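S.K.: One structure coming up, written as structure tokens, with questions to follow.
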Amino acid sequence: MARALINVPKTVKRGEIVEVRAMIAHPMETGYRVGPNGSNIPRDIIRRFACTYGGEEVFWADLHPAVSANPFFAFTLVASTSGTIKFTWTDDVGKTQTASAEITVS
């Protein structure tokens, strides 16, 4: 399971623009590197990263082999209601993982 480091402010004012940052610990293997046994290391990349806030998708990205290991995402959103910001990513084998952060809007 990949580990995610998420940085979201705990409390914000309604209507405030919030910066959301997330880093996914993932090797992002392209499938082109040769391993110690002389054969290619199998491709293993995150294909899609998405973020929802209040049940609505607010950010998404389709990733490709040129993305470095441990991809870092930073984007902004407008704080409207208290709730959960949910991050979801899917890799080449179809495995989906999630992480979340709570935000309180005053």
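The values are calculated or read from the model by the stated rules, or taken from the named source; none is laboratory data. All values reported here derive from a predicted model rather than from experimental measurement. Counting neighbours? That spans all protein chains shown, and the Cβs are built from the backbone with ideal geometry, glycine included.
S.K.: Within the stretch 26-45, identify whether any single residue is under 15 Å from A2 (Cα atoms), touching a residue at least 24 places away in the same chain (Cβ under 8 Å) and part of a strand (DSSP E or B), and answer yes or no. Before you say what the answer is, go through the steps one by one.
M.R.: Step one: list which residues in the stretch 26-45 are under 15 Å from A2 (Cα atoms), which gives 26-29, 44-45.
With the extra rule that they be touching a residue at least 24 places away in the same chain (Cβ under 8 Å), the set shrinks to 26-28, 44-45.
Subset that is part of a strand (DSSP E or B): 44.
Looking through the stretch 26-45, at least one residue is under 15 Å from A2 (Cα atoms), touching a residue at least 24 places away in the same chain (Cβ under 8 Å) and part of a strand (DSSP E or B).
S.K.: Please give the number of the condition D91 fails out of (1) surrounded by fewer than 16 Cβ atoms within 10 Å (Cβ to Cβ); (2) at pLDDT below 95.
M.R.: Of the numbered conditions (1) surrounded by fewer than 16 Cβ atoms within 10 Å (Cβ to Cβ); (2) at pLDDT below 95, the odd one out for D91 is (1).
S.K.: Those residues that are closer than 13 Å to T11 by Cβ and surrounded by 16 or more Cβ atoms within 10 Å (Cβ to Cβ), I need them from the stretch 94-104; list them, please.
M.R.: Hits for the stretch 94-104 are A101, I103.
S.K.: So in the stretch 12-26, with the set limited to residues that are small (G, A, S) and surrounded by 11 or more Cβ atoms within 10 Å (Cβ to Cβ), which one is nearest to the chain's Cα centre (by Cα)?
M.R.: Narrowing the stretch 12-26 to residues small (G, A, S): 15, 22, 25.
Those left that are additionally surrounded by 11 or more Cβ atoms within 10 Å (Cβ to Cβ): 22, 25.
Numbers: A22: 6, A25: 10 Å.
This residue is A22.
S.K.: List pairs: first in the stretch 82-106 and under 17 Å from T52 (Cβ atoms), second of a type in the set (V, I, T) and surrounded by fewer than 12 Cβ atoms within 10 Å (Cβ to Cβ), Cβ under 7 Å, 6+ apart or cross-chain?
M.R.: K86/T98; F87/T98; T88/T96; T88/T98; T90/T96; V105/T81
S.K.: Determine whether F49 is closer than 14 Å to A99 by Cβ, at pLDDT 95 or above and among the hydrophobic types (A, V, I, L, M, F, W, C).
M.R.: Here the answer is yes, as F49 does meet what is asked.
S.K.: Additional query: Take the residues in the stretch 27-46 that are in contact with a Gly (Cβ under 9 Å, 6 or more places away or on another chain) and under 12 Å from V93 (Cα atoms), then tell me which one is surrounded by the fewest Cβ atoms within 10 Å (Cβ to Cβ).
M.R.: In this case the residue turns out to be P42.
S.K.: Shifting gears a bit: Touching a residue at least 40 places away in the same chain (Cβ under 8 Å) and either out of contact with any strand residue (DSSP E or B) (no Cβ under 7 Å at 6 or more places or on another chain) or not hydroxyl-bearing (S, T, Y) (or both): is that true of D62 in this structure?
M.R.: Against the criterion (touching a residue at least 40 places away in the same chain (Cβ under 8 Å) and either out of contact with any strand residue (DSSP E or B) (no Cβ under 7 Å at 6 or more places or on another chain) or not hydroxyl-bearing (S, T, Y) (or both)), D62 does not qualify.
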